1. Could you compute the net charge surrounding Thr120? Neighbours are other residues with a C-beta less than 12 Å from the C-beta of Thr120; K and R count +1, D and E count -1.
2. For Lys22, give me every one of the lysines with a C-alpha distance below 19 angstrom, ignoring sequence neighbours fewer than eight places off in its own chain.
3. Could you work out how far helix 215-227 tilts from the main Cα principal axis of the chain, as a 0 to 90 degree angle to the nearest 10?
4. So which lysines can Lys192 reach, going by Cα to Cα under 20 Å and dropping same-chain residues fewer than 8 places off?
5. Quick one: compute a quarter of the convex hull surface over the Cα atoms of the range 153-221 and quote it in nm².
6. Sum -39500 (n - 2.57) across every DSSP H segment of at least 4 residues in the chain, then divide by the residue count to get the 222 nm mean residue ellipticity, nearest 500.
7. Can you send over the carbon and sulfur percentage of the accessible area for the range 90-134, probe radius 1.4 Å, protein chains only?
8. If I take every Cα pair under 8 Å that is 6 or more residues apart in the range 127-213, average their sequence separation and divide by the length, what percent do I get for the relative contact order?
Amino acid sequence: MSALPHLVVLSGAGISAESGLKTFRDSDGLWNGYAVEEVATPRAFAKNPQLVLDFYNMRRREVLKALPNEAHTGIAALEQHFRVTVVTQNVDDLHERGGSSNVLHLHGEILKMRGVGESTVYEIREDINLGDVSPQGNQLRPHIVWFEEPVPLIEDAATICHTADVFVVIGTSLQVYPAAGLLGVVRDDVPKYIIDRTIPSVHPYKNIFPIEMNATSGVQELIRLLTAR
């Protein structure tokens, strides 16, 4: 076990927005005239699988074109001083490409897929098409946690957050549950740095240190604060 203090980062869409990836609810929560819930639920997939596949194929292409920004690389650089675990709500791979070695994706990964009703996961860089099936013969779908689906890794994430010596929240409004509840399992005595242009409500949590900046500037300030000792 590493003797370094455990730094846990909870990241959301705001960190990837600076790499050009739209947040999930950009454009008033619509995609081609559809509410996001209409392209991100099991019911939507059953009703119109082509529409849902089109939505995620587009997002996958956007992720593949995007590059990690200074917030991603800055978090990775903190591995020189801490044992860093990233718990991200994002489905892109920008934390990994930015150099982070330990990333848990709460809501799945856009560059992975699985057959409907299956747990075996496969890599995917191209589009998923209607009629593409797994070796078991089931239609392939994105490896994404949709609305109305359970979040399988939430208990693992809660265990990680409870072991934090330093906790950092970046680019998330803390409004999407159960991910937003992870702040509540962090111990009271742990310093909690919140990086966002608009600091979300964090009452009644203790030891809060707001950094009211965008992700790239905020991570540089975080590095200064954490390594100035």
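1. 0
2. Answer for Lys22, where 19 Å is the Cα cut-off: Lys65, listed by chain and number.
3. Computed tilt is about 40 degrees.
4. Those lysines meeting the cut-off are Lys206.
5. Orientation-averaged projected area of the Cα hull: 4.4 nm².
6. -8000 deg cm²/dmol
7. 46 percent
8. It comes to 21 percent, rounded to a whole number.
The values are calculated or read from the model by the stated rules, or taken from the named source; none is laboratory data. Every value quoted in this text rests on a predicted model; they were computed, and no experiment measured them. Every residue, glycine among them, receives a Cβ derived from its backbone with ideal geometry; neighbour counts consider all protein chains shown. The area values use the complete protein model at the heavy-atom level, side chains included, leaving out ligands, DNA and RNA. Shrake-Rupley method; radii C 1.70, N 1.55, O 1.52, S 1.80 Å.
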